[in-house]
Amino acid sequence: MPRNCTVRRSFTGHRIGESHPRAQLSSDDVKLMRQLHEDHDIGYGTIAKKFDCGVSTARDICTYRTRVYD
């Protein structure tokens, strides 16, 4: 993360999105994952392989269970 990047925080004060220290996907990746699933009807398994993450992670992102603010 670049030094001049704003650290995003939730209403509880916790870091969220790509500003979280353990985040592996950028906000742009999350937007692309959702677009592929919603607009092109690509499955979670295919998306997970493309972004090198787990199927459950891809599912949770595409269904807005995680990374809600991205």
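The values are calculated or read from the model by the stated rules, or taken from the named source; none is laboratory data. All values derive from a computational prediction rather than experimental measurement. Here Cβ is always computed from backbone atoms with ideal geometry, including for glycine, and neighbour counts include all displayed protein chains. Areas reflect the complete protein model, heavy atoms only, side chains present, ligands, DNA and RNA absent. Shrake-Rupley method; radii C 1.70, N 1.55, O 1.52, S 1.80 Å.
Odds and ends about this structure:
- Charge-dipole axis of the chain as Lys and Arg at +1 and Asp and Glu at -1 on Cβ define it, positive-most pick from GLY54, TYR69, LEU36: TYR69
- In Å², nearest 10: area of HIS37 left accessible to a 1.4 Å probe: 50 Å²
- The chain - percent of accessible surface contributed by carbon and sulfur, probe 1.4 Å: 48 percent
- The residues of the chain have, on average, 73 Å² of accessible surface per residue, using a 1.4 Å probe with all protein chains present.
- Here ARG34 sits with roughly 10 square angstrom of accessible surface, probe radius 1.4 Å.
- Distance (nanometres) between label positions extended 7 Å along Cα→Cβ at GLU38 and ASP60: 2.0 nm
- The largest accessible area among VAL30, VAL55 belongs to the first residue in VAL55, VAL30, and the rest follow in falling order (1.4 Å probe, all chains).
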